[in-house]
1. When the Debye formula is applied to the Cα atoms of the chain, each taken as the same point scatterer, what base-10 log of I(q)/I(0) results at q = 0.16, 0.26 Å⁻¹?
2. Rolling a 1.4 angstrom probe over the protein chains, ignoring ligands and nucleic acids, what is the accessible area of Glu7 in square angstrom, nearest 10?
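The values are calculated or read from the model by the stated rules, or taken from the named source; none is laboratory data. Not measured: the values here are computed from a predicted model. Please note that ligands, DNA and RNA were not included when accessible areas were found on the heavy atoms of the full protein model with its side chains. Shrake-Rupley method; radii C 1.70, N 1.55, O 1.52, S 1.80 Å.
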Amino acid sequence: MMLLASESSETITVDQIVPNEKYSKSGKLTTFMVGQRYMPCERLLVAKVTHELDQAE
């Protein structure tokens, strides 16, 4: 995947916000995007919450 300019015709955008619901072992809300993450773009386009992004295919 390459990062493209926002005005590029090949840029993928999502229609909705994907709320973060990831919690640490201590029970505190934590960031979803820590380090690198790899997933199909299609998963990001249909996810309603962040745990759906972590699910195996």
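1. With no solvent term, the Cα-only Debye profile gives -0.60, -1.21.
2. Ignoring ligands and nucleic acids, Glu7 comes out at about 150 Å².
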